[in-house]
Amino acid sequence: MKEGAIREKIYSAASAFDLWGYGGFGMPRIEMEGDRYIVIEDHGGILEYGPEKITVAADGMKISVIGLGLEIASMDRSSLSLKGRIASVEMRR
């Protein structure tokens, strides 16, 4: 079975048993505190970095945080915290 098909089966099971929010499905988890702080867990690294746009890879998609004065608050292998004035968050496959 291909990886994409396996992933879809896992997502279907998570939906059927209402397990969303518990993590561990390989998908990024994004949590925001107002418009000043965002945490992206299960990221795949930074693709673009600047004070007005930070783009991160995660599970075959790109997550862009757009705003003013953006900077990395903390980062490790699985979690990335950004601070600044967040205007929008965009996810693209």
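Any read-out appearing in this document is the output of simple, stated calculations on the displayed coordinates, not a laboratory observation. Since we're looking at a predicted model, the values are computed, not measured. Glycine gets a Cβ as well: all are built from the backbone with ideal geometry, and neighbour counts include every protein chain shown.
Extension gain, Phe17 to Ser64, is 13.9 nm, computed as 0.36 nm per intervening residue step minus the present C-alpha separation. With r defined as the distance between the Cβ atoms of Met32 and Lys9 and R0 fixed at 22 Å, what FRET efficiency is calculated, to the nearest 0.05? Once the sixth-power term is evaluated, E becomes 0.15. The order of Leu80, Leu47, going from fewest to most other C-beta atoms within 10 Å of their C-beta, is Leu47, Leu80. Compactness check for region 27-92: Cα Rg over 2.2 N^0.38 Å is 0.95.
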